[in-house]
Amino acid sequence: MSIGEDVVVLGVGLHPFGRFPTKSLDDLAREAGLAALDDAGIEFNQVEAGYLGRVGGTGPPVGVGMRIFGELGQHGIPITNIELACGSSSRSLMLAADAIRAGSVETAMVIGAEKMERGMLRVGGVDSDGYASLMGLNVMPAAYAMMAQRHMSEFGTKPEHFAQVSVKSHRNAMHNPNAQYRVAITLEEVLASRMVCEPLTLYQCCPTSDGASAVILASASFARRHTNTPVHLRAWAGGSPVYSRERSPQGEGPTGLVARRAYQKAGIGPEDVRVTQVHDAFTPGEILTIEELGYVKPGEGGPFVWEGGTEITGRCPVNTDGGLLSRGHPMGATGGAMVTEVVRQLRGQAGPRQVAGARAGLVQNAGIGGVNVLIFNT
Amino acid sequence: MTAGAGTPVAIKGAAFTIPADPAERPQLRGSACPSCGARFAGQRAICLGCGHRGLDECLLSPLGVVWTFTIVHQKPPGAILEPPYVIAQIRLQDGPFTQSIVTGCSVTDVRVGMPVVMTLYDTDRMSDGDRVVAFAFRPGTDAT
């Protein structure tokens, strides 16, 4: 154990995403945790720190991490609960990676878990008097729809461009046994589904989901004793909104700024990334984010998606496992699921959705303004 | 705004003026930085532009333009508005952004860049005998 060590993703595991009314949050989390331990080839008593990413909802809000990790074993390790809305488990991973790089621990485990109710998500934040709720202002699809409308106005992006994101994501999810929706849909079906917030139709909104993810990180020296083909967590960066007099405080956080920090730390550029998972809670998430990540110029995201640039066979494959739209979005579990997919891609274990020659991958996960970018390579 | 019994009072959670003279425009209450001049919708203690502590209360311009918008077609739980209705982010003439419903035109007429002016919106709700009023923006300019 030493300061500044490389961080390796030693194991990943998921409980499938979907609706599991007979299972508790603890059941989902335990199954994901055991899958990650098996994947890593270590026992829980070798884990030196535990981080739980979760937003809330069904079940008791306090002490959940202690309970969930306590089910896997009790050998006295520090357990920490992390909440960053839909970015909770990717932020947990960053803190775990910090602890390893600082030399505090050799291994750490992140579990992300959530059980959600059906229905339209409210925008988070302070609404103590219910004003925004009464006036119908704080609805999550409206926030993304307004990003889309601004993009359409500035760059001529078309509703069909956004709809195509959903077509692509559903096709990818057909090859993902952990996905919530494993059915192909056509562009016509996406556009003809019920309008929610223009230009976003129902099939351009991610579902609410139950699910869990688990990721085990280790120092490079620990990892060498357990794998000959490590996937490195090369760089990570987080951010929150940046005040501007000139632009509205919309969006899911300063992805462009955070990505530049992450590229600099990793010593690579956007052209080196071969597989990417982005936060597509709604279809504009993919089009706006690939611009902010530097894969295409501002305004080119819509045509790029339309022409297949983010398909598994395209220049920049995005959301190869179906993304939030089709894999599902149990909020606290999502970041860990994105990491799981990138790791499987970099290991060459993604089966029919494998991206050829994937050596570097990127995860962008966001939650109500907090945004995380993590870069992985082999 | 429709005439009705009771004194109009601002809906809880929003801060704006309700002029006694219907010919006068309502205005959002905001905060102004005495150091750099930045303005913000609602109450703030610290300037986001320069970090100055202690902002002055102010009334914001009732004029603005639509920065972006959407037409909401699905009724959110608890909302008093019936879809379809428009939510917009409005950039006020004196700088700050605010979010509001847009009334006074067909929902399909709203455009990015459209000039709008603040107006009152009757919620059809009563509170202790007072009429609860919210705010909205409608198409219009200084001259209308």
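Filtered by the rule that a residue be surrounded by 24 or more Cβ atoms within 10 Å (Cβ to Cβ) and over 19 Å from A:TYR203 (Cβ atoms), region A:274-288 gives A:VAL275, A:THR276, A:GLN277. Among residues of region A:358-378 that are among the hydroxyl-bearing types (Ser, Thr, Tyr), those with a Cβ under 9 angstrom from a residue that is not in a loop (DSSP other than H, G, I, E, B), sequence gap 6+ or separate chain, pair up as A:THR378/A:VAL231; A:THR378/A:HIS232; A:THR378/A:LEU346; A:THR378/A:ARG347; A:THR378/A:ALA360.
Restricting attention to region B:39-57, the residues that are touching an Asp or Glu at 6+ places or on another chain (Cβ under 9 Å) and crowded, with 16+ Cβ neighbours inside 10 Å total 1. Taking B:GLY30 as the residue in question, decide whether it is crowded, with 21+ Cβ neighbours inside 10 Å, under 21 Å from B:VAL133 (Cα atoms) and small (Gly, Ala, Ser). Answer is yes for this residue. Has region A:100-108 got at least one residue that is in a strand (DSSP E or B) and modelled with pLDDT of 95 or more? Yes, region A:100-108 contains a residue that is in a strand (DSSP E or B) and modelled with pLDDT of 95 or more.
Residues in region A:232-247 that are within 14 Å of chain B (Cβ to nearest Cβ) and closer than 29 Å to A:ALA218 by Cβ: A:SER240 alone. Run B:GLY64 past the list (1) assigned to a strand (DSSP E or B); (2) within 19 Å of A:GLN149 (Cα to Cα); (3) facing chain A (nearest Cβ under 9 Å) and report the number of the one that doesn't hold. Failing condition for B:GLY64: (3). Note on region B:76-103: among residues that are touching a Phe, Trp or Tyr at 6+ places or on another chain (Cβ under 9 Å), more than 8 Å from chain A (Cβ to nearest Cβ) and part of a loop (DSSP other than H, G, I, E, B), the one that is nearest to A:GLY251 (Cα to Cα) is B:PRO96. Residue count for region A:1-47, restricted to those that are surrounded by fewer than 22 Cβ atoms within 10 Å (Cβ to Cβ), part of a loop (DSSP other than H, G, I, E, B) and either in contact with a strand residue (DSSP E or B) (Cβ under 6 Å, 6 or more places away or on another chain) or not small (Gly, Ala, Ser) (or both): 11. Reported count of residues in region A:222-256, each being of a type outside the set (A, V, I, L, M, F, W, C) and under 30 Å from A:GLU43 (Cβ atoms), is 9. Just one of the numbered conditions (1) touching a residue at least 24 places away in the same chain (Cβ under 8 Å); (2) closer than 21 Å to A:PRO298 by Cα; (3) surrounded by fewer than 24 Cβ atoms within 10 Å (Cβ to Cβ) is not true of A:SER153: (1).
Is at least one residue of region A:160-178 in the same structural domain as A:ASP38 (by TED's automatic domain parsing), in contact (Cβ under 8 Å) with a residue 60 or more places away in the chain and in a loop (DSSP other than H, G, I, E, B)? Reasoning before the result, please.
The initial filter retains those residues of region A:160-178 that are in the same structural domain as A:ASP38 (by TED's automatic domain parsing), namely none.
Scanning region A:160-178, I find no residue that is in the same structural domain as A:ASP38 (by TED's automatic domain parsing), in contact (Cβ under 8 Å) with a residue 60 or more places away in the chain and in a loop (DSSP other than H, G, I, E, B), so the answer is no.
Scanning region A:206-245 for residues that are of a type in the set (Phe, Trp, Tyr) and under 17 Å from the mean Cα position of the chain (by Cα) yields a single hit, A:TRP236.
When region A:136-150 is filtered for residues that are more than 7 Å from every other protein chain (Cβ to nearest Cβ) and in contact (Cβ under 8 Å) with a residue 40 or more places away in the chain, the ones remaining, listed by number, are A:MET140, A:PRO141, A:ALA143, A:TYR144, A:MET147, A:ALA148.
Within region A:20-60, being modelled with pLDDT of 95 or more and on the phi > 0 side of the Ramachandran plot holds for one residue alone: A:GLY41.
The values are calculated or read from the model by the stated rules, or taken from the named source; none is laboratory data. Here the structure is a predicted model, which is why all the values come from computation and not from measurement. Reconstructed Cβ throughout: ideal geometry from the backbone, glycine too, with neighbour counts over all protein chains shown.
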